[in-house]
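Okay, so here's the structure we're looking at.
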Amino acid sequence: MTTFMFEMMGAVYNKSDLFGITKETLKECRHNIDDKLLKKTYDEFVNGNIDENYFWKKLSMDNYMMPRKLILEKIENSLNNDFLEVLPSLSGNRIVIKGDIPQEWGEHILESTTVSSMIQSYVFSGSLGKNVNDSEFIKTLINKLGSLICIETNKENYIKLRDAGADVILLVREPTTIDGLNPEITISNLRQIEEIFRT
């Protein structure tokens, strides 16, 4: 059984910048929060160092249900249909989703879009306590599973995963500079995975 690990933000969902979405939504809801405070608090929340209640409390936001709802909906509405289409061709393999996202938000999004029922497992930075592309974590996974194929859109994460020993497929939707990466496999949409691993 092969394990395919899909990047949540960027591959499974087209939205890739969770911090940007959070910052943008708070401004739309007329919550003007200092950028440095927001980034520091956001990083603590994403890495599981504080829980969600304390996250909003540190931002001095008692009435946060509307911005929270909008943040999650923006991601949910960006579900990549190509991901749903390619899943049947990967039947019999282990499908895992990884994401640098708070545990509460990640689980809510996967459940709201029924993705959680289509995969075997997921891992979020909020529960791991560090970036999901952490070298030691990836090496541990590879030792446990034997092999790991990651589908990634972020170039920095691509390097981390590759250097940790994972096989990495780089999803590049738009023309971009990938000089120096020398990726073995690049795709422009997730449906191409079926062609690569067709037996």
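The values are calculated or read from the model by the stated rules, or taken from the named source; none is laboratory data. Computed from a predicted model, the values in this text were never measured in an experiment. Don't worry about glycine lacking a Cβ; one is built from the backbone with ideal geometry, like all the others, and counts go over all protein chains shown.
Here are the numbers:
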quantity	calculated
Lone qualifier among Asn80, Asn49, Asn63, Asn93 - being under 28 Å from Arg173 (Cα atoms) and out of contact with any Ser or Thr (no Cβ under 7 Å at 6 or more places or on another chain)	Asn80
One residue from Lys40, Lys27, Lys15 being of a type in the set (Lys, Arg) and closer than 19 Å to Val132 by Cβ	Lys15
Unique residue being modelled with pLDDT of 95 or more, exposed (fewer than 15 other Cβ atoms within 10 Å of the Cβ) and among the small types (Gly, Ala, Ser) when the list is Gly20, Gly92	Gly20
Count of residues meeting criterion [in a loop (DSSP other than H, G, I, E, B) and either in contact with a strand residue (DSSP E or B) (Cβ under 7 Å, 6 or more places away or on another chain) or buried (at least 16 other Cβ atoms within 10 Å of the Cβ) (or both)] in the stretch 36-54	3
In the stretch 77-99, the residues that are within 27 Å of Phe137 (Cα to Cα) and charged (D, E, K, R)	Arg94, Lys98
